[in-house]
Amino acid sequence: MRKENLYMGDYQLGIAGLGVMGKNLALNFASKGFKTAVFNRTENITEEFISKHKDANIKGAFSLKDFISLLGRPRVIVLMVTAGQAVDSMIDNMLPLLEEGDIIVDAGNSYFKDTMRRSESLSKKGILFAGIGISGGEEGALKGPSIMAGCSQEAWQVIAPMFSSISAKAYDGSPTCDRMGPDGSGHYVKMVHNAIEYIDMQLISEVFHIMQHAGYTYSEMADLFENWNKGDLESYLIQITSKILRKKDSETGRSILDVIMDTAEQKGTGLWAAESSMELGVPVYSIAASVYSRFMSSRKEERVEASKHRPKSVKIEVDEDQLHDALYASKICAYSQGFYLLSEASRFYKWGIDNAAVAHIWQGGCIIRARLLQNVEDAFRDKQLKNLLLDPFLLKSVVEKEKAWRNLVSAAIDAGIPVPGMSSALSYYDGYFTSRLPANLIQAQRDYFGAHTYTRVDRQGSFHTEWERD
Ligand SMILES: NC(=O)c1ccc[n+]([C@@H]2O[C@H](COP(=O)([O-])OP(=O)(O)OC[C@H]3O[C@@H](n4cnc5c(N)ncnc54)[C@H](OP(=O)(O)O)[C@@H]3O)[C@@H](O)[C@H]2O)c1
């Protein structure tokens, strides 16, 4: 019975991959009235899913052939599988079953260069390919994520109504779903989203660390985060932090944070963003600092051993306004660095990404959704802004909080509390607004030992000095 193909051709889209995200996206599409076919490599997952969700809009298929034949034309197939080899193998297996004009959407966290390669090779075969970044985790996939698409206009015309209807809403009520540009642009924007997420989480964890050493209880911290969530720091990550701080472990009754190991994992997007920034030569210190901080955290045994050689008794005095201001100023610098990277990549790859549109779709459904993104959208709207810190409103906000920010970073450094997120954001800010950096000395050293030459402030050209050597 289950292998018969009863409804050939009238399903509007198919989801291949029923992991955490695929299942929830399928339910979301079906709840919006889209007839959705589903397929999973492991059959019993499909079986379980369709028996649990008896929705008239969802139909399971147990072979790729049946799955593809359920779909109306042009076929829209959404891949929701593990990024990497799984995407290529699904595409290879499907290709013989597809026809010109069909659309494959890769909605996983694929590396943007893979998406560029797949777009190019599939377009030669007449298949349209869309690389779509989806943010919001499990809950977002079900109730409304933020959606960042990279594809041709031709593909977008077909898939935009579907994806817009399942997305979240921005502050103005419009969908948090848009086309960013062609080929790899959607996955690039998602990668930068995740890089900002890395910085934001790093900054919040540093504030948490400082508060621990200032003697705050978890309950006091939770109250403060709850309070901050009513003001200009309002954001999903601040909101969930206050809830995490109140949560008890069901087994031991202790605070959940006391039983969770202090080793943070990373799945690749932060690392890819750091790599891309280095490839493009974009100075976004805090992206790298946040990735390195996770690497440092994962060296638990080494740190425990090392701490025996240099025992620290750390005490710090801070006030709440100082914590707020340092976090807010650093957060603006986190967005500034993310958008800086995005602008440079868009220019390099000729994607034409509109930063205002990006700030708009990040206002709902995604992990970095925050009130501040409305100011970011305003800053970029109809303007060619080289750097977010050059927006008068945002710069004024940072300048007003600068003293508290510097004092907090200094106090943390004095007390021996690592603050790579906040201090790197501060160095980024200071570096960007410094007209003459000490790189003249670096150039002189390079010329001294390697005859690398240098440029001069008073003449065009490339120069070398005959240095006196001992
Ligand atoms: N989880 C999140 O919060 C989140 C958020 C945004 C984006 N994403 C991205 O979305 C994608 C899916 O994530 P997920 O969390 O749903 O993953 P998941 O729960 O681990 O599920 C992985 C899915 O991929 C399938 N798969 C793996 N290797 C395959 C292969 N070689 N051929 C065919 N199918 C294969 C699995 O099928 P089997 O059942 O047969 O193993 C399963 O359906 C990933 O790219 C992820 O990075 C995840």
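A compact table of results
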item	result
Residue in segment 310-319 that is small (Gly, Ala, Ser) and outside any loop (DSSP other than H, G, I, E, B) present	no
Flag if Val87 is surrounded by 13 or more Cβ atoms within 10 Å (Cβ to Cβ), in contact (Cβ under 8 Å) with a residue 24 or more places away in the chain, part of a helix (DSSP H, G or I) and within 15 Å of the ligand (Cβ to nearest atom)	yes
Verdict on Gln239 being farther than 21 Å from Val358 by Cβ, modelled with pLDDT of 95 or more and under 19 Å from the mean Cα position of the chain (by Cα)	yes
Residue in segment 179-201 that is surrounded by fewer than 19 Cβ atoms within 10 Å (Cβ to Cβ) and within 28 Å of Ile147 (Cβ to Cβ) present	no
Test: residue in segment 285-294 that is at pLDDT 95 or above and surrounded by fewer than 17 Cβ atoms within 10 Å (Cβ to Cβ)	yes
Candidates Asp391, Asp430, Asp447 - the one that is in contact with a Lys or Arg (Cβ under 9 Å, 6 or more places away or on another chain) and either small (Gly, Ala, Ser) or modelled with pLDDT of 95 or more (or both)	Asp391
Sole exception among (1) under 27 Å from Ala195 (Cβ atoms); (2) part of a helix (DSSP H, G or I) for Arg446, by number	(1)
Every residue from segment 108-142 that is of a type in the set (Gly, Ala, Ser) and within 16 Å of the ligand (Cβ to nearest atom)	Gly108, Ser110, Ala130, Gly131, Gly133, Ser135, Gly136, Gly137, Gly140, Ala141
Inter-residue pairs, beta-carbon under 6 Å, first of a type in the set (S, T, N, Q) and in segment 10-30, second crowded, with 22+ Cβ neighbours inside 10 Å and part of a helix (DSSP H, G or I), 6+ apart	Asn24/Ala141; Asn28/Ile166
Any pair with Cβ under 8 angstrom, 6 or more apart, that starts in segment 441-470 at a residue that is on the phi > 0 side of the Ramachandran plot and ends at one that is outside any loop (DSSP other than H, G, I, E, B) and modelled with pLDDT under 95	none
Residue in segment 143-157 that is within 14 Å of the ligand (Cβ to nearest atom), surrounded by fewer than 24 Cβ atoms within 10 Å (Cβ to Cβ) and touching a residue at least 40 places away in the same chain (Cβ under 8 Å) present	yes
Residue among Ser336, Ser307, Ser297 that alone is in a helix (DSSP H, G or I), among the polar types (S, T, N, Q) and in contact with a Phe, Trp or Tyr (Cβ under 8 Å, 6 or more places away or on another chain)	Ser336
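Residues checked against (1) closer than 22 Å to Gly9 by Cβ; (2) more than 15 Å from the ligand (Cβ to nearest atom); (3) in contact with a strand residue (DSSP E or B) (Cβ under 8 Å, 6 or more places away or on another chain):
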| residue | (1), (2), (3) |
| --- | --- |
| Lys35 | yes, yes, yes |
| Val38 | yes, no, yes |
| Glu48 | no, no, no |
| Ala61 | yes, no, yes |
| Arg73 | yes, yes, no |
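The values are calculated or read from the model by the stated rules, or taken from the named source; none is laboratory data. Values in this document were obtained by computation on a predicted structure and should not be read as measured data. Using ideal geometry, Cβ is built from the backbone for each residue, glycine included, and neighbour counts are taken over all protein chains shown.
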